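> Quick one: the structure is below, and I'll ask about it shortly.
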Amino acid sequence: MSEMWTTAVAGAAAGLGVAMPVGAMGVLLVQEGMRDRRGAVAAAAAVAVVDLAYAAVATALGPLVASALSGVEAWVRLASAAVLAVIAVRGLLASRTAGPAAQGGSTGGAGPVRTFTRFAALTLINPTTALYFAALTTAQGAALSGGTAGLIFVCGVFVASMVWQQLLVAASGLAGARISDSARAWTFRIGYGLVAVYAVKVALPLP
């Protein structure tokens with residue numbers, strides 16, 4: 001049971017690590033939340049579903065890749081940790097200069113289904129999300145090799161991402177204004193800070 005909880009928490013942390021930084025998609029979600037509550041809920045769900053899909057594919061393929069590279073696991077972990085570290089550093093550096101984003105086009109009247117589709121497509125073409133989960137799950141191939149462990153991890157990712165995205169659009173709807181530059185920068189720092197912690201975690205022990 002403790003191992004299941006550990007895996008679930010790891011999945012939740014991974015989901016928050018990719019979801020919390022308010023980048024381009026986060027700003028679009030905030031703008032949608034200020035315009036149309038139903039559309040914003042659909043948009044947030046779309047982002048979480050794509051995170052789920054990426055995590056599921058990466059979890060399924062990650063252990064296979066790890067198995068094929070048997071004997072050099074430590075170096076694979078180091079390479080994966082390096083990728084995560086680069087993502088974290090780039091995000092943390094961006095948080096120092098994160099300013100107001102350009103206003104997105106209005107989607108009023110588009111309907112929840114069209115909004116869901118648009119946000120899902122926008123999230124799918126984000127290479128950082130795919131790279132993040134691929135590096136993370138490849139490094140933890142052995143731990144996620146069991147079907148139950150992989151399922152728990154993916155569910156943790158989905159729940160954490162969904163909760164965060166919905167909180168973001170709810171807050172934007174209540175505030176009625178864009179998130180301040182300072183608050184946006186802190187979401188970058190916290191989210192990418194989690195990624196940095198993951199980089200250290202997967203790198204140890206050193207070969």
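The values are calculated or read from the model by the stated rules, or taken from the named source; none is laboratory data. Source: prediction; values computed, not measured. Note that we place each Cβ from the backbone using ideal geometry, even for glycine, and neighbour counts take in every protein chain shown. Please note that ligands, DNA and RNA were not included when accessible areas were found on the heavy atoms of the full protein model with its side chains. Shrake-Rupley method; radii C 1.70, N 1.55, O 1.52, S 1.80 Å.
> Tell me the label-point distance for the pair residue 57, residue 2, using the 7 Å Cα-to-Cβ offset, in nm and rounded to one decimal.
Those two pseudo-labels are separated by 3.7 nm.
> Right, next: Ignoring ligands, DNA and RNA, what percent of the accessible area of the stretch 1-40 is carbon or sulfur (1.4 Å)?
Solvent-exposed carbon and sulfur of the stretch 1-40 make up 65 percent of the total.
> Can you tell me how much longer the chain between residue 167 and residue 124 gets when fully stretched, taken as 0.36 nm per residue apart minus their C-alpha distance, in nm with one decimal?
On the way: separation 43, 0.36 × 43 = 15.48 nm, distance 2.11 nm.
Once the chain is fully extended between residue 167 and residue 124, it gains 13.4 nm.
> Could I ask something else about it? In nanometres, what is the gap between the two model label sites at residue 96 and residue 75, each 7 Å from Cα along Cα-to-Cβ?
Computed distance between label sites residue 96 and residue 75 equals 3.4 nm.
> Could you work out how far apart the two model spin labels at residue 174 and residue 206 are, taking each label as a point 7 Å from the Cα in the direction of the beta carbon, and quote it in nm?
Placing both labels 7 Å along Cα→Cβ, they lie 4.6 nm apart.
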